[in-house]
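Colleague: For reference, the structure I am asking about is given below.
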């Protein structure tokens, strides 16, 4: 069984981009490991993760990208 069922995900991985619905593993394949990962749980026990990526634009300027997961699936981001 193929690991990626949606061909759109395959294209995003080739382009090194991400989209909602991707798994944590698919995002890591596209962007690599995050600089920081923050984990919390809702009152109903849903695991939420915030992944923070740092991109150095030059020796003194950092751009941050944020991705948000619910139960291991990408639900959105800010980048």
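The values are calculated or read from the model by the stated rules, or taken from the named source; none is laboratory data. Here the structure is a predicted model, which is why all the values come from computation and not from measurement. Neighbour counts run over all protein chains shown; Cβ positions are idealised from the backbone, glycine included.
Colleague: Given (1) surrounded by 12 or more Cβ atoms within 10 Å (Cβ to Cβ); (2) in a loop (DSSP other than H, G, I, E, B), where does residue 12 come up short, assuming only one miss?
Modeller: Against the list (1) surrounded by 12 or more Cβ atoms within 10 Å (Cβ to Cβ); (2) in a loop (DSSP other than H, G, I, E, B), residue 12 comes up short only on (2).
Colleague: Let me ask something else about it. Out of all the residues in region 28-45, which are surrounded by fewer than 14 Cβ atoms within 10 Å (Cβ to Cβ), in contact (Cβ under 8 Å) with a residue 12 or more places away in the chain and within 16 Å of residue 76 (Cα to Cα)?
Modeller: 37, 38
Colleague: Do we have residue 54 as over 11 Å from the mean Cα position of the chain (by Cα), surrounded by 10 or more Cβ atoms within 10 Å (Cβ to Cβ), modelled with pLDDT of 95 or more and at negative phi here?
Modeller: Yes: the conditions hold for residue 54.
Colleague: In addition: Restricting to region 57-79, what's the tally of residues that are in contact (Cβ under 8 Å) with a residue 40 or more places away in the chain and either part of a loop (DSSP other than H, G, I, E, B) or loosely packed, with under 10 Cβ neighbours inside 10 Å (or both)?
Modeller: 1
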